[in-house]
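Worksheet for the structure shown next.
The values are calculated or read from the model by the stated rules, or taken from the named source; none is laboratory data. Just so it is clear, the model here is predicted, and its values are computed rather than measured. Note that we place each Cβ from the backbone using ideal geometry, even for glycine, and neighbour counts take in every protein chain shown.
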Amino acid sequence: MAMILENDIHLSICPQSNSPSGTTENIKNHPILRLFDYGIKLRVNTDDLLLFNATITDQFIDLFENNIFYFEEIDRICKNAFL
């Protein structure tokens with residue numbers, strides 16, 4: 001994570017595809033909050049929409065409903081998409 005932060009690398013993350021693909025056990029165990037708290041700039045994106053049936057809005061709702069991010073943090077993540 002230090003290397004990512006030091007090199008100002010922005011991550012595009014698709015949380016709802018990570019569990020079915022085996023990257024994480026479930027949304028509660030996703031490392032997205034740890035990355036965000038570390039200061040890494042990230043964006044939430046979609047993966048294969050036909051396969052995972054999750055829009056960007058769906059992913060933000062899932063992150064919010066699982067108490068991973070709140071509105072202020074979601075706002076910062078959305079702004080990162082323009083950097």
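Taking region 55-75 as the range and being in a helix (DSSP H, G or I), under 21 Å from Leu5 (Cα atoms) and in contact with a helix residue (DSSP H, G or I) (Cβ under 8 Å, 6 or more places away or on another chain) as the test, the residues that pass are Glu73, Ile74.
Of all residues in region 29-52, those that are of a type in the set (Lys, Arg) have Cβ atoms under 7 Å from Cβ atoms of residues that are in a loop (DSSP other than H, G, I, E, B), 6 or more apart or on another chain, in Lys41/His10; Lys41/Leu83; Arg43/His10; Arg43/Ala81.
The criterion of at least 1 residues that are at pLDDT 95 or above, more than 22 Å from Phe82 (Cα to Cα) and among the small types (Gly, Ala, Ser) is met by the following helices (runs of 4 or more DSSP H) wholly inside region 1-54: 2-6.
Answer with yes or no whether Ile61 is among the β-branched types (Val, Ile, Thr) and either in contact with a strand residue (DSSP E or B) (Cβ under 7 Å, 6 or more places away or on another chain) or surrounded by 17 or more Cβ atoms within 10 Å (Cβ to Cβ) (or both). Answer is no for this residue. Looking only at residues in region 64-83 that are in contact (Cβ under 8 Å) with a residue 12 or more places away in the chain and farther than 20 Å from Ile9 by Cα, the one that is surrounded by the fewest Cβ atoms within 10 Å (Cβ to Cβ) is Asn66.
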